[in-house]
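Only one structure is covered here, and it is reproduced in the block below.
The values are calculated or read from the model by the stated rules, or taken from the named source; none is laboratory data. Computed from a predicted model, the values in this text were never measured in an experiment. Note: ideal-geometry Cβ built from the backbone for every residue, glycine included; neighbour counts use all protein chains shown.
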């Protein structure tokens with residue numbers, strides 16, 4: 001039975017690496033996947049690629065917050081049957097798009113695996129993540145570590161001098177130069193490891 005999956009974590013947990021490995025596993029078994037990523041994720045010049053920090057990458061279809069993902073997936077499925085859809089940066093989905101994905105799994109029996117952040121730098125849910133937490137059939141946490149060795153669950157935005165940023169727009173795309181993962185205690189205390197601040 002097809003399911004809608006939400007695999008979430010703090011930043012730097014290897015979500016994109018796991019997504020790309022999952023797609024490769026389907027490919028090795030002669031199956032076809034559709035990779036999706038939001039157009040807002042423009043951290044590098046290869047905006048049509050899902051890339052991981054360890055060097056893996058694969059071509060993906062990009063979408064905006066106004067695109068109908070159900071229509072997009074079904075059109076792609078009509079061209080070549082899809083065994084699984086894998087979607088990166090799922091926190092940028094709209095609530096409507098999460099409902100569209102759920103209809104694909106319910107009505108067309110195509111599994112969809114979404115990977116993304118649960119919360120922003122203020123500790124608040126992203127709209128896409130909130131909808132996935134409410135609607136996904138299977139929710140899994142991908143774990144990563146704080147500098148202290150505890151499980152990191154929080155994302156801290158930092159300025160160009162490595163200081164904690166506590167106000168601003170919810171969405172500011174960035175990587176290690178803008179975000180640090182921390183356990184809840186160190187996030188509350190704004191306690192940044194010196195090595196992280198120096199990056």
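Candidates 11, 31: the one that is modelled with pLDDT of 95 or more and surrounded by fewer than 21 Cβ atoms within 10 Å (Cβ to Cβ) is 31. Just one residue in the set 180, 171 is outside any helix (DSSP H, G or I), under 11 Å from residue 121 (Cβ atoms) and at pLDDT 70 or above; that residue is 180. Given the condition in contact with a helix residue (DSSP H, G or I) (Cβ under 7 Å, 6 or more places away or on another chain), in a strand (DSSP E or B) and over 25 Å from residue 126 (Cα atoms), answer yes or no: does some residue in the stretch 37-54 qualify? Checked the stretch 37-54: no residue is in contact with a helix residue (DSSP H, G or I) (Cβ under 7 Å, 6 or more places away or on another chain), in a strand (DSSP E or B) and over 25 Å from residue 126 (Cα atoms).
Just checking, does the stretch 143-166 include any residue being exposed (fewer than 14 other Cβ atoms within 10 Å of the Cβ) and within 20 Å of residue 37 (Cα to Cα)? No: zero hits. Please determine whether any residue of the stretch 38-47 is surrounded by 19 or more Cβ atoms within 10 Å (Cβ to Cβ), touching a residue at least 40 places away in the same chain (Cβ under 8 Å) and under 20 Å from residue 133 (Cβ atoms). Checked against the condition, which is being surrounded by 19 or more Cβ atoms within 10 Å (Cβ to Cβ), touching a residue at least 40 places away in the same chain (Cβ under 8 Å) and under 20 Å from residue 133 (Cβ atoms), the stretch 38-47 yields at least one hit.
Considering 98, 104, the condition of being touching a helix residue (DSSP H, G or I) at 6+ places or on another chain (Cβ under 9 Å) and within 20 Å of residue 23 (Cβ to Cβ) is satisfied by 104 alone.
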